[in-house]
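Beneath this line is the structure, given in structure tokens, with notes to follow.
The values are calculated or read from the model by the stated rules, or taken from the named source; none is laboratory data. Everything quoted here is computed from the prediction, not taken from an experiment. Every residue, glycine among them, receives a Cβ derived from its backbone with ideal geometry; neighbour counts consider all protein chains shown. Note: accessible area is taken over every heavy atom of the protein model, side chains too, but ligands, DNA and RNA are not part of it. Shrake-Rupley method; radii C 1.70, N 1.55, O 1.52, S 1.80 Å.
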Amino acid sequence: MLLKIIPHHRFSWIDELMIYHRRHNSNNTNNLTETATALRYTIEETLKSWGDI
């Protein structure tokens, strides 16, 4: 969702922790290969939609 609104609004970087989340053994993000693949896909598709690739 955030990636869709970035082109239409101004954002600023806040260099401090804003949220906490719990980790447990069954988190999907524990599968590093799958998480990295999904993140790469998301970044590439977002850049394409912004016209940067």
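Tell me which of these residue 28 doesn't satisfy, since it passes every other one: (1) touching a helix residue (DSSP H, G or I) at 6+ places or on another chain (Cβ under 8 Å); (2) at pLDDT 85 or above; (3) open to solvent by 100 Å² or more (accessible area, probe 1.4 Å).
(2)
Kindly indicate the residue of segment 2-25 that is aliphatic (A, V, I, L, M) and part of a helix (DSSP H, G or I) and also most open to solvent (accessible area, probe 1.4 Å) among those meeting that condition.
To start, the set of residues in segment 2-25 that are aliphatic (A, V, I, L, M) comprises 2-3, 5-6, 14, 17-19.
When the remaining residues are screened for being part of a helix (DSSP H, G or I), the result is 2-3, 5-6.
Numbers: 2: 96, 3: 67, 5: 66, 6: 58 Å².
Per the stated criteria, the residue is 2.
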